[in-house]
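Please read the structure below before turning to the comments.
The values are calculated or read from the model by the stated rules, or taken from the named source; none is laboratory data. It should be emphasised that the depicted structure is a prediction, and the values quoted were computed from it without experimental measurement. As a convention, Cβ positions derive from the backbone with ideal geometry for all residues, glycine included, and neighbour counts pool all protein chains shown. For the accessible areas, the whole protein counts, side chains as well, though only heavy atoms, and no ligand, DNA or RNA atoms are used. Shrake-Rupley method; radii C 1.70, N 1.55, O 1.52, S 1.80 Å.
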Amino acid sequence: MNSLNAVLETRGVSKRFGRTSVLHDVSMTLMPGRVTAVLGPNGSGKTTLNKTLLGLVRPNAGDVLLNGATVTGTDAYRAHIGYMPQAPRFPENLSARDVLKLVLSLRPHAPHVAIDELVAAFDLESFYTRSLGVCSGGQRQRVNAAVALLFEPAVIILDEPTAGLDPVSSAALKDRIIAERNKGRAILMTSHVLSELEELADDVVFLLEGKIRFQGTLEALRTSTGGLTLERSISTLMLQC
Amino acid sequence: MLILAVLRAQVAELSRNRWVLSYTVLLAVLTEALYQLSGSAPRALSGLLNVVLLLVPLVITVFGVVYWHTSREFTELLLAQPLPRRALWCGLYLGLTIPLVLAYAVGITLPLLLHRELTAAIAPLLAMYLLVGTALTLCFAAIALWIGATQDDRLKALGLALGIWFAATVLYDGLVVWFATVYSDWPLEKPMLALMFANPVDLARTVLMLQLDSAALMGYTGAVLANVLGGYRGALATITALALWILLPALAAGRSFVKKDF
Amino acid sequence: MRHSRRWLVIGTALLFSVHGSLAAQSGDTLVHVGKGAPSPSAATIADALRQVARHGQVLVHAGVYAESTLVILKPVRITGKPGAILDGQGARGLVIVNSDSVELRGLTFRNTGSSHTDDRAAVRIFESIACVVAQNRFESTFFALHLQRVDGCIVRENTMQGLAGSQSTTGNGVHVWSSRNVQVEHNTITGHRDGIYFEFSRQASARQNVVTESLRYGLHFMFSDSCAYESNRFVANRSGVAVMYAKHVRIADNLFSDARNSASYGLLLKEINDSQIVGNDFLNNTIAVHLEGANRNHVSGNRFEANGWAMRLLADAQENQIRDNSFFRNVFDLSTNSQSHFSTVRGNYWDRYRGYDLDRDGVGDVPHAPVRLFALVVERAPAALLLVRSAVADALDLLERIAPTLTPATLLDQAPRMRATVRAPSAQLVPARRSNERAP
């Protein structure tokens, strides 16, 4: 794969927790204008890979690069990343407004989407100033999405973005993801819903036991496995291993 | 500025936290009860001694550890923002401790205020209680954050918190008493003082005891205590030691936070 | 030693007063001293003393009189008008009295300076009967008043301020040696070595005095039987009060407070026998009452509050009756150095008592063990005192309360009171430094 115009990439990243090797020599790229799906069974290292890209986990070996420059262990590069963690618990007594304002104040100089627009896009109006502790899981997940898309980052990392969302919100978020991709952003997402990835993904990274077993376009995956659906392709891949 | 943003959000969150509010109410009820039973503000404060020395470290470590784990995902969200971890840690630490210090201060002061007992006569004693409570809060909150950063397993973290609390408040003193009894033939004033400085809870108690009615007793231990703890030099020594007891755990906790894999 | 010095003093006195004693045969009954004083007058007090008749009066008008030591060998009354000051210029005592019925009133005595060779006193009275020293001020004096072999003397309403300095550069306030029937009343004594000192004296009394900030003891007596000490206030004296080797003493209604030092006692009783220690207030002392070799005393109706140790009862103190006292907020109510005891502790009020009174007779139904286990720990290892307010100390005490094993069984109060014995505090007893606290 051509990594020349990669926005964010890992090179030879390995990570051990104690004696368990979670990532082993992982090199992958996120390209502008493309949605990359990271796939793999539970415990395959998807979340660790996400966190390594964000600097939440420090690799034992290898580097994270932004636009070709090494950023391992630094903080500032995260200004170019929007992150939507998997169903986070927000502080109970803060409202969606408090959280958005907090995140906004942490990047005081970054260009950002108008808050009103986000409130409308994710339908936050009805509970915008209410404590998040009394909001539903779906409502919190919408706030979570709004936080990830608040700025106009080059990279957006989405961890199980549609989990807990109702179909309407889910569809709205997917539209938003496609719109962001079309604006030229590099998007990484993980999901258990393969049909959803099939709908959105351009590229696929398949992780198993901390190693990359496949990396390429969705078409290339289908071709190489002969599967008609992503699900078939994945099961073929797993059987090969 | 970034610290301030995190701090402000934390304070907003915790000042409405029901456990923090319960802590305030508990302290206020205990102070009120002691006031009613003893009939005067100085005696109520005197009775508050072990409440403060046992309850504050217990509440702060346990609450700190639990809070760390419940807010962990939000912490990760903040970690994904482009601010240095050290700044984030400072924001989290101060954001945790400021509401707890305020809760403590309000809890023990409010009942006295309502009884119009905030007189100049008890001001030095009350000030000492506020100082010591603040120091213990800062110290044990740092220890709690250190436990959180080094121990991912919730139950183990909670166990460790309780263990440290028990060791600092009960076990340590038991060993010191045993030590004093076994080596009673030796001149023990200086080693004992060193042992008092080596545990924040004992240091806090010694500082308070010198302000309380039991100070009469302290004459007995003679010049060593008076020289080390009395006057300007004593105040300097105790305040330095308390500051170290905040700084060292805070530095350790900050360090493990910065190095941690989330 | 003492005898030779005494003869020297008398010898000197005789030398000075040959002329005086001759004139006294037929003198004036009232002689004024001072500038512009009405006649008959004298320029100096010494002259006036020569001029005045036996049992006459010398009236000293305002002014500073720096004369050589006055020696009084006949009955006379010296009265000071306001501002009459006798000044020793840091070099000498001021008055020596060796006559019966001498009265000194309204004078200010000051600046004796200190002396390491003699007990230099502002006023020294020896071998006299019925002297009166009243309403005088003593300022910066080594000994203020030194009484030796006197009988029936009265010391009233004087104010005494010692020399600032150490124990060795100050003398006693009122020093009474080998005397009888001396009454020391309503005096204010500050900053002396011992405020009031009695030795080898009998039937003496000290009442309603205020003795503060003595460099050693507020009150110190030895070998003085059948004396009474009542309604005095002894506050913040460096070593408190120590009384020794006496019997039939009555110590009542006094306040002993703020004796806070390593060797400091509110009241130290050493070999005091058959005496009454009754109705006193002990407040804020390191050790309020210490009984050592003291036997058959009644310690009752006293109030102990906020002391380190309220009472230390050593094993050699026997057959004492500790009754009807009240104990509040002391760190240790009672401590001892032995398992066996021959004193009676009964019917006291202990604020630590956790028993009940089902028959409502005002007496707790279960006995109270006033000796804390931790007190025994501290007795063995004084350094453990630093942990006295710790949870561990409380735990040990609780353990001992549940299953008593180590505290002496003889020191149980079998009839602890449910309420403190209420005693109307006399106005004299309201302590100067008591804060705005209310009694529980």
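So the values come out like this:
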quantity	calculated
Candidate set from segment A:178-196 (those that are outside any loop (DSSP other than H, G, I, E, B) and touching a helix residue (DSSP H, G or I) at 6+ places or on another chain (Cβ under 6 Å)); member that is nearest to residue A:227 (Cα to Cα)	A:194
Residues satisfying the stated conditions in segment B:249-262, i.e. surrounded by 13 or more Cβ atoms within 10 Å (Cβ to Cβ), out of contact with any Leu (no Cβ under 6 Å at 6 or more places or on another chain) and either of a type in the set (A, V, I, L, M, F, W, C) or touching a residue at least 24 places away in the same chain (Cβ under 8 Å) (or both)	B:249, B:250, B:252, B:254, B:256, B:257, B:258, B:260
Elements of type helices (runs of 4 or more DSSP H) in segment B:13-89, at least 3 residues being away from chain A (no Cβ under 14 Å)	B:18-38, B:41-47, B:56-70
Which numbered condition residue A:164 misses (of (1) without any contact (Cβ under 8 Å) to a residue 24 or more places away in the chain; (2) more than 30 Å from residue A:76 (Cβ to Cβ))	(1)
Criterion (within 14 Å of residue A:156 (Cα to Cα) and surrounded by fewer than 19 Cβ atoms within 10 Å (Cβ to Cβ)) met by exactly one of A:73, A:68, A:18, A:33	A:33
Hits in segment A:76-89 - residues which are crowded, with 16+ Cβ neighbours inside 10 Å and closer than 14 Å to residue B:79 by Cα	A:77, A:78, A:79, A:80, A:81, A:82, A:83, A:84, A:85, A:88
Hey, residue A:114 more than 13 Å from every other protein chain (Cβ to nearest Cβ) and at pLDDT 90 or above or not	no
Strands (runs of 3 or more DSSP E) contained in segment C:131-236 and holding at least 1 residues touching a residue at least 24 places away in the same chain (Cβ under 8 Å), within 18 Å of residue C:111 (Cβ to Cβ) and of a type in the set (D, E, K, R)	C:137-141
Yes/no for residue A:92 being in contact with a Leu (Cβ under 8 Å, 6 or more places away or on another chain), more than 30 Å from residue A:25 (Cβ to Cβ) and charged (D, E, K, R)	yes
Only listed residue being buried (at least 22 other Cβ atoms within 10 Å of the Cβ) and among the charged types (D, E, K, R), chosen from C:361, C:365, C:333	C:333
The listed residue being modelled with pLDDT under 90, part of a helix (DSSP H, G or I), open to solvent by less than 60 Å² (accessible area, probe 1.4 Å) and facing chain C (nearest Cβ under 8 Å), out of B:219, B:234	B:219
Qualifying residue in segment A:184-200 (condition: within 13 Å of the chain's Cα centre (by Cα), within 28 Å of residue A:76 (Cβ to Cβ) and among the β-branched types (Val, Ile, Thr))	yes
Yes/no for residue C:410 being without any contact (Cβ under 8 Å) to a residue 40 or more places away in the chain and more than 14 Å from chain B (Cβ to nearest Cβ)	no
Sole residue being within 11 Å of chain B (Cβ to nearest Cβ) and surrounded by 15 or more Cβ atoms within 10 Å (Cβ to Cβ), chosen from A:169, A:95	A:95
Among residues of segment C:301-314, those that are modelled with pLDDT under 95 and open to solvent by 30 Å² or more (accessible area, probe 1.4 Å), counted	0
Tally, over segment A:22-77, of residues that are of a type in the set (A, V, I, L, M) and farther than 30 Å from residue A:196 by Cα	4
Verdict on residue C:343 being touching a Leu at 6+ places or on another chain (Cβ under 9 Å), more than 14 Å from chain B (Cβ to nearest Cβ), closer than 30 Å to residue C:274 by Cβ and of a type outside the set (D, E, K, R)	yes
One residue from C:390, C:343, C:435 being at pLDDT below 85 and out of contact with any Phe, Trp or Tyr (no Cβ under 6 Å at 6 or more places or on another chain)	C:435
Which listed residue, of A:195, A:191, A:233, is at pLDDT below 85, open to solvent by 70 Å² or more (accessible area, probe 1.4 Å) and either within 19 Å of residue A:47 (Cα to Cα) or not aromatic (Phe, Trp, Tyr) (or both)	A:195
Condition check for residue B:70: within 24 Å of residue A:132 (Cβ to Cβ) and either in contact with a Cys (Cβ under 9 Å, 6 or more places away or on another chain) or surrounded by fewer than 17 Cβ atoms within 10 Å (Cβ to Cβ) (or both)	yes
Test: residue in segment C:346-356 that is assigned to a loop (DSSP other than H, G, I, E, B) and of a type in the set (Asp, Glu)	yes
Lone unmet requirement of (1) modelled with pLDDT under 85; (2) not in a loop (DSSP other than H, G, I, E, B) for residue C:405	(2)
First in segment B:118-134 and within 20 Å of residue B:23 (Cβ to Cβ), second anywhere and open to solvent by 20 Å² or more (accessible area, probe 1.4 Å), Cβ under 8 Å, 6 or more apart	B:126/B:109; B:126/B:118; B:130/B:105; B:130/B:109; B:133/B:101; B:133/B:105; B:134/B:101; B:134/B:105
Hits in segment C:147-182 - residues which are small (Gly, Ala, Ser) and either out of contact with any Phe, Trp or Tyr (no Cβ under 9 Å at 6 or more places or on another chain) or over 16 Å from residue C:193 (Cα atoms) (or both)	C:152, C:164, C:165, C:166, C:168, C:178, C:179
Candidates B:55, B:14, B:48 - the one that is modelled with pLDDT of 85 or more and either of a type in the set (D, E, K, R) or open to solvent by 30 Å² or more (accessible area, probe 1.4 Å) (or both)	B:55
Criterion violated by residue B:225 - all others in (1) at pLDDT 90 or above; (2) of a type outside the set (Lys, Arg); (3) in contact with a helix residue (DSSP H, G or I) (Cβ under 9 Å, 6 or more places away or on another chain) satisfied	(1)
Which numbered condition residue C:365 misses (of (1) within 14 Å of chain B (Cβ to nearest Cβ); (2) part of a loop (DSSP other than H, G, I, E, B); (3) at pLDDT 85 or above)	(1)
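For every residue, the table says whether it meets (1) assigned to a strand (DSSP E or B); (2) more than 10 Å from chain B (Cβ to nearest Cβ); (3) open to solvent by 10 Å² or more (accessible area, probe 1.4 Å); (4) modelled with pLDDT under 95.
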| residue | (1), (2), (3), (4) |
| --- | --- |
| C:245 | yes, yes, yes, no |
| C:251 | yes, yes, no, no |
| C:256 | yes, yes, no, no |
| C:261 | no, no, yes, yes |
| C:268 | yes, yes, yes, no |
| C:277 | yes, yes, no, no |
| C:282 | yes, yes, no, no |
| C:285 | no, no, no, yes |
| C:289 | yes, yes, no, no |
